[in-house]
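The values are calculated or read from the model by the stated rules, or taken from the named source; none is laboratory data. Just so it is clear, the structure is predicted and the values come from calculations on it, not from any experiment. When we count neighbours, we look across all protein chains shown, and the Cβ atoms used for this are built from the backbone with ideal geometry, even at glycine. Areas reflect the complete protein model, heavy atoms only, side chains present, ligands, DNA and RNA absent. Shrake-Rupley method; radii C 1.70, N 1.55, O 1.52, S 1.80 Å.
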Amino acid sequence: MQTVNTLRMLRTALAQLRGGNATIALVPTMGALHEGHLTLVRRAKAEADHVVASIFVNPKQFGPNEDLDAYPRQLAEDAAMLEAEGVALLWAPDAAAMYPPGFVTNVRVAGVSEGLCGAARPGHFDGVATVVCKLFNQVAPDMAFFGEKDFQQLAVIRAMARDLDLTAPHVDRIIGVPTVREADGLAMSSRNRYLMPEQRAAAAALPRAMQAAAAAITGGTEVAEALRALEAELLAAGFTAIDYATLADAASLAPLEKLAASPARLLVAARIGGTRLIDNLAVGS
Ligand code: AMP
């Protein structure tokens, strides 16, 4: 595996990889890799000739009071994991390579980026859309893999790629991969390592309460009542705040008061101390 950190090196390495017409899959990450990320890589490897992974802790998607400086960075360890999975190329630019002096452009996706995490984290999805747009243009992959763990992020990226014609001739396919979970159901996340042992134990209440709420809603319980019970269960388990607990249309992410014919998704963001956890589940399908 080759690791590159300048655009010039990236272009040279990509040209070599493409050769005649080999296909390339992109797996964008912020590093601190776990089995969730590696599952994306394995899916990508199964579908493309070569996998390009990126590691970039994107300052533009962190708010002023968020964990940019504390975010775990372990490039050597991550590179070894990616190499072991057969990744061909690691694109690991620093912030100055991604945003050279004078950088002034912002990609903003209205609608789908505005509620849920977009409401709690102003500017977050602008940062995500801007960097993913750049990654798509830099790598020009045939396909790109993202986790359903970040369900709203995936919706924002799909909308951005569609609206900005990034879907063809490259990034023909944006592929969502189901959430990879720990044995107790907690969605894997680089942020789980912030949790103290008793917080980590309490965090398992999140997927458990969400499963219960999804089953209740599917079984006919009123959505508002199921969401109230979910919030109460999280607070009783040791969560300190709920940013949101919402049933939404899976495509538009517009809130739903009851199940409809189109697919629905239960989405929750909740805090334990200083750590914010998110999760989502399909409901009724
Ligand atoms: P991150 O490094 O947190 O920005 O995540 C990089 C990619 O991995 C994103 O597409 C995430 O949605 C995906 N990802 C993170 N955690 C998981 C997980 N537990 N299961 C599946 N995909 C994940």
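Here's the picture: a label point sits 7 Å out from the Cα of GLN16 along the beta-carbon direction, and within the range 83-99 the residues with their amide nitrogen under 19 Å of it are 83-93. Computing Rg and the Kirkwood Rh from the Cα coordinates of the range 190-283 gives a ratio, Rg/Rh, of 0.99.
For ALA260, what is the net charge nearby, where nearby means another residue's Cβ is under 15 Å from its Cβ and Lys, Arg count +1, Asp, Glu -1? Once positives and negatives cancel, what remains is -1.
Compactness of the range 109-201, taken as the C-alpha radius of gyration over 2.2 N^0.38 Å, stands at 1.23.
Take the Cα of MET9, step 7 Å toward its Cβ, do the same at ASP163, and the gap between the two points is 3.5 nm.
Coupling constants for the range 17-31 follow from the phi torsions by the Karplus curve (6.51 cos²θ - 1.76 cosθ + 1.60, θ = phi - 60°), and in residue order they are 5, 5, x, x, 8, 5, 8, 10, 10, 10, 10, x, 9, 10, x Hz; glycine and proline get x. Cross-link reach is defined here as a Cα-Cα straight distance under 17 Å, omitting same-chain residues fewer than 8 places apart; for LYS134 the aspartates and glutamates meeting it are ASP94, ASP126, ASP142, ASP163, ASP165, ASP172.
Given the pairs LYS45/LYS258; LYS60/LYS149; LYS60/LYS258, which span a C-alpha to C-alpha distance of over 31 angstrom in this model? Over 31 Å Cα-Cα: LYS45/LYS258; LYS60/LYS258. Remark: the LEU68-LYS258 segment gains 64.7 nm on full extension, using 0.36 nm per residue and subtracting the alpha carbon distance. Out of the total accessible area of the chain (probe 1.4 Å, heavy atoms of protein only), what percent is carbon and sulfur? The computed percentage sits at 54. A 1.4 Å probe, protein heavy atoms only, puts the accessible area of MET81 near 50 Å². Note on exposure: THR12, THR221 ranked by accessible area (1.4 Å probe, complete protein assembly) read THR12, THR221, with the most exposed listed first. Based on protein heavy atoms only, the chain ends up with 45 Å² per residue of surface accessible to a 1.4 Å probe.
For ILE272, the residues whose amide H sits under 5 Å from its own are THR240, LEU277, ignoring neighbours fewer than 5 places away on the same chain, with H placed 1.01 Å from N.
Measuring spread by the Cα atoms of the chain yields a radius of gyration and Dmax of 19.1, 59 Å.
Per-residue ellipticity at 222 nm, computed for the chain from helices alone with -39500 (n - 2.57) per DSSP H run of at least four residues, works out to -11500 deg cm²/dmol.
Under 5 Å between amide hydrogens, built in the peptide plane, is the criterion, and for LEU186 it picks out nothing among residues at least 5 positions away or on other chains.
Only one residue of PRO207, ALA245, GLY273 has its Cα farthest out toward the positive end of the dipole of the range 190-283, where Lys and Arg carry +1 and Asp and Glu -1 on Cβ, and that residue is GLY273.
Note on ASN137/ASP94: beta-carbon distance plugged into 1/(1 + (r/R0)^6) with R0 of 25 Å gives a FRET efficiency of 0.85.
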